[in-house]
1. Take the range 20-60 and flag every residue that is at pLDDT below 85, loosely packed, with under 10 Cβ neighbours inside 10 Å and either on the phi > 0 side of the Ramachandran plot or not in a loop (DSSP other than H, G, I, E, B) (or both).
2. Residues of the range 1-16 being part of a helix (DSSP H, G or I) and under 24 Å from Y84 (Cα atoms), which ones?
3. Under 9 Å by Cβ, and 6 or more places apart or on different chains, what pairs join a residue from the range 70-93 that is within 10 Å of N31 (Cα to Cα) and outside any helix (DSSP H, G or I) with one that is among the hydrophobic types (A, V, I, L, M, F, W, C) and at pLDDT below 95?
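The values are calculated or read from the model by the stated rules, or taken from the named source; none is laboratory data. If you're wondering where the values come from, they're calculated on a predicted model, not measured in any experiment. As a convention, Cβ positions derive from the backbone with ideal geometry for all residues, glycine included, and neighbour counts pool all protein chains shown.
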Amino acid sequence: MPSKEAASVLKIKGFKIDQCAYFQNDSLDSNDDLEVLFEFIEKRNKHTVITANFLTANPNFQKIKESNFRTYHYEFIEKTLKNYPSLENVISHIK
């Protein structure tokens, strides 16, 4: 979910996003998200274990639309992240 505005639009259109944790919490992590997380971990000065689960591909919405919504198309996460200015360093942060 990219923003509160997007959530509001989906609610208005009748999607029951309140009933699904994925709709409420799923989003692309930004550079800032990861930098704040790592800063917090460093300040704790304790052993930290992270289970980093994420998809390696996302829907290619443009290609799906071009196929008149008849065919699913995907793009690898690196390509998706390059499309957003605040996400360009996410892969390097994860590595």
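1. A21, Y22, N25, N45 - these are the residues of the range 20-60 that are at pLDDT below 85, loosely packed, with under 10 Cβ neighbours inside 10 Å and either on the phi > 0 side of the Ramachandran plot or not in a loop (DSSP other than H, G, I, E, B) (or both).
2. Within the range 1-16, K4, E5, A6, A7, S8, V9, L10 qualify.
3. Here the result reads E88/L81; N89/L34; N89/L81, each pair linking the range 70-93 to a residue that is among the hydrophobic types (A, V, I, L, M, F, W, C) and at pLDDT below 95.
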